[in-house]
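The values are calculated or read from the model by the stated rules, or taken from the named source; none is laboratory data. If you're wondering where the values come from, they're calculated on a predicted model, not measured in any experiment. Because the Cβ atoms are built from the backbone with ideal geometry, glycine has one as well, and the counts that use them run over all protein chains shown.
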Amino acid sequence: MVQETCAGTRIQPMSARDRVLAALAGKPVDRPAAVSPTSIATVELMDRVEASFPEAHRDPRLMARLAETARTEVGFDTIMPVFSVVQESAALGCQVEWGTQSNWPTCVGTLARSADELRVPPDVLAKPDTQCVLDCIRQLKSRWNDEVAIVGKTMGPWTLGYHVFGTQNFLLMTIDRPDEVKRSLDVLKELTVQFGVAQIEAGADVLTLPDHATGDLVRAAYYRDYLQDLHAELCDRIPCPLILHICGATEDRMPYIRETGFDAFHFDSKNDVRRSLALMQGKCKLVGNINNPRTLFTGTVADVQQETLAVLDAGLTMVGPECALPLACPLENLKAIPETIIEWSRRRSIEN
Ligand SMILES: [Zn+2]
């Protein structure tokens, strides 16, 4: 299929990897990309390839086998192997409960009570749970080379703050001890950079950087005061396309996010696509937006098709689930995303 763009330029069919990298750079694409910056692992996919949680968080071979189902079973343009949010926190020394096949790992307890107690061990990247991710990315790169975009993940310092101090304690610190929060973020951001750079060296084409300054938890001013400059620094120091992930309603902080230098923002269906595109002014691309609980998890294939068509018509060039997919999501619903993108593009090329 050769698509004619509005400018009349003919776009040759692209590899999945080239399509994702072009969409992230705001360059012309042969069709919109099916992209998931966060996990799309499901119990059905785990059973299909015999690579299951919790082992797939800790064994690089199983992690790679489960991750590549995004391409082989679902048809996405990305493979994203870092399913959980705890890999580097485990390496820091946080106590982790790794969960079961049908639930997620979580950090429990607290590792530190003050900024002075925080330190990133010099051998943090040699710990089993960071090594697992790096080994897995090396395996995926050698198998998929330039065919599919390999997306790694390095957690931002705000989310790491929740894990090391406990979410409630950290949020209270932002009120009582803002200077200590800033000092803690300065320590933790070094782990974000180190783990990100190591994943690029291992073969990641793109990195997701989740930093949960979420609409339900903190106000937009928090993003501006604590994270805008820090995120700009991370964008300067991590040399690959970066996708920021924050869940929830985030339109109020998009004017700050767009000035940081992130290539894209992974946004939730609580945000209107057209309004969000206008807020980003083309400075930061948008990805995601298909609702998880209502559409992908409990809806029908027709619901997924309808929502995918709506975001494509609104101008989104990277479409996928809004956040880590519920583990019991039906596979047919997930597959409807790339299938609908392909059908929408085919119809557009005929109309043009
Ligand atoms: Zn999320």
Would you say Val85 is hydrophobic (A, V, I, L, M, F, W, C) and surrounded by fewer than 16 Cβ atoms within 10 Å (Cβ to Cβ)?
no
Selection over the stretch 308-352 where residues are assigned to a helix (DSSP H, G or I) and closer than 30 Å to Thr100 by Cβ yields a count of 8
Read through the list (1) part of a helix (DSSP H, G or I); (2) of a type in the set (Gly, Ala, Ser); (3) more than 23 Å from Ser114 (Cα to Cα); (4) in contact (Cβ under 8 Å) with a residue 12 or more places away in the chain, then give the number of the only condition that Ser184 fails.
(3)
Find all pairs meeting these conditions: Cβ atoms under 8 angstrom apart; at least six residues apart or on different chains; first residue within the stretch 273-291 and touching a residue at least 40 places away in the same chain (Cβ under 8 Å); second residue in a helix (DSSP H, G or I) and of a type in the set (Asp, Glu).
Ile290/Glu307
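Would you please name the residue that is farthest from Pro32 (Cα to Cα), looking only at residues in the stretch 335-352 that are of a type in the set (A, V, I, L, M, F, W, C) and modelled with pLDDT of 95 or more? Break it down stepwise before answering.
Applying the first criterion (of a type in the set (A, V, I, L, M, F, W, C)) to the stretch 335-352 yields 336-337, 341-342, 344, 350.
Still in the running and modelled with pLDDT of 95 or more: 336-337, 341-342, 344.
Working: Ala336: 14, Ile337: 11, Ile341: 7, Ile342: 8, Trp344: 9 Å.
Going through the qualifying residues, I end up with Ala336.
If you scan the stretch 225-249, which residues turn out to be part of a loop (DSSP other than H, G, I, E, B) and either among the acidic types (Asp, Glu) or within 16 Å of the ligand (Cβ to nearest atom) (or both)?
Of the stretch 225-249, the ones part of a loop (DSSP other than H, G, I, E, B) are 238-241, 246-249.
Across the stretch 225-249, the qualifying residues are Ile246, Cys247, Gly248, Ala249.
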Please enumerate the residues belonging to the stretch 250-264 that are touching a residue at least 60 places away in the same chain (Cβ under 8 Å) and either away from the ligand (no atom under 16 Å from the Cβ) or in a helix (DSSP H, G or I) (or both).
Asp263
(1) in contact (Cβ under 8 Å) with a residue 24 or more places away in the chain; (2) part of a loop (DSSP other than H, G, I, E, B); (3) out of contact with any helix residue (DSSP H, G or I) (no Cβ under 8 Å at 6 or more places or on another chain) all hold for Ala70 apart from (2)
Show the residue pairs that are 6+ apart or on different chains and have beta-carbon atoms under 8 Å apart, the first residue being within the stretch 15-32 and over 17 Å from Pro338 (Cβ atoms) and assigned to a helix (DSSP H, G or I), the second being at pLDDT 95 or above and basic (Lys, Arg).
Leu24/Lys285
Per the list (1) in contact with a strand residue (DSSP E or B) (Cβ under 8 Å, 6 or more places away or on another chain); (2) farther than 21 Å from Phe262 by Cα; (3) of a type outside the set (A, V, I, L, M, F, W, C); (4) not in a loop (DSSP other than H, G, I, E, B), residue check on Arg65 breaks on (1)
Any idea how many residues of the stretch 92-130 are free of Cβ contacts under 8 Å to residues at least 40 places away in the same chain and assigned to a helix (DSSP H, G or I)?
3
So which residues in the stretch 60-114 are touching a Lys or Arg at 6+ places or on another chain (Cβ under 9 Å) and of a type in the set (Val, Ile, Thr)?
Thr69, Val74, Thr78, Ile79, Val82, Val85
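Kindly indicate whether any position in the stretch 211-224 is within 16 Å of the ligand (Cβ to nearest atom), touching a Gly at 6+ places or on another chain (Cβ under 7 Å) and at pLDDT 95 or above.
As a first pass, look at the stretch 211-224 and keep what is within 16 Å of the ligand (Cβ to nearest atom): 211-218, 223.
Those still in the list that are touching a Gly at 6+ places or on another chain (Cβ under 7 Å) too: 211, 214-216.
Then drop every residue that is not at pLDDT 95 or above, which leaves 211.
Yes.
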Return yes when Ala41 is within 16 Å of the ligand (Cβ to nearest atom), within 18 Å of Val304 (Cα to Cα), modelled with pLDDT of 95 or more and surrounded by 20 or more Cβ atoms within 10 Å (Cβ to Cβ) and no when it is not.
yes
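Is one or more of the residues making up the stretch 298-305 part of a helix (DSSP H, G or I), small (Gly, Ala, Ser) and closer than 30 Å to Val85 by Cα?
There is no residue in the stretch 298-305 that is part of a helix (DSSP H, G or I), small (Gly, Ala, Ser) and closer than 30 Å to Val85 by Cα.
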The residue that is nearest to Phe83 (Cα to Cα), considering only those in the stretch 318-328 that are within 16 Å of the ligand (Cβ to nearest atom) and surrounded by fewer than 23 Cβ atoms within 10 Å (Cβ to Cβ), is Ala324
Within the stretch 131-151, residues farther than 29 Å from Asn169 by Cβ and either β-branched (Val, Ile, Thr) or not in a helix (DSSP H, G or I) (or both) come out as Ile137, Asn145, Asp146, Glu147, Val148, Ala149, Ile150, Val151
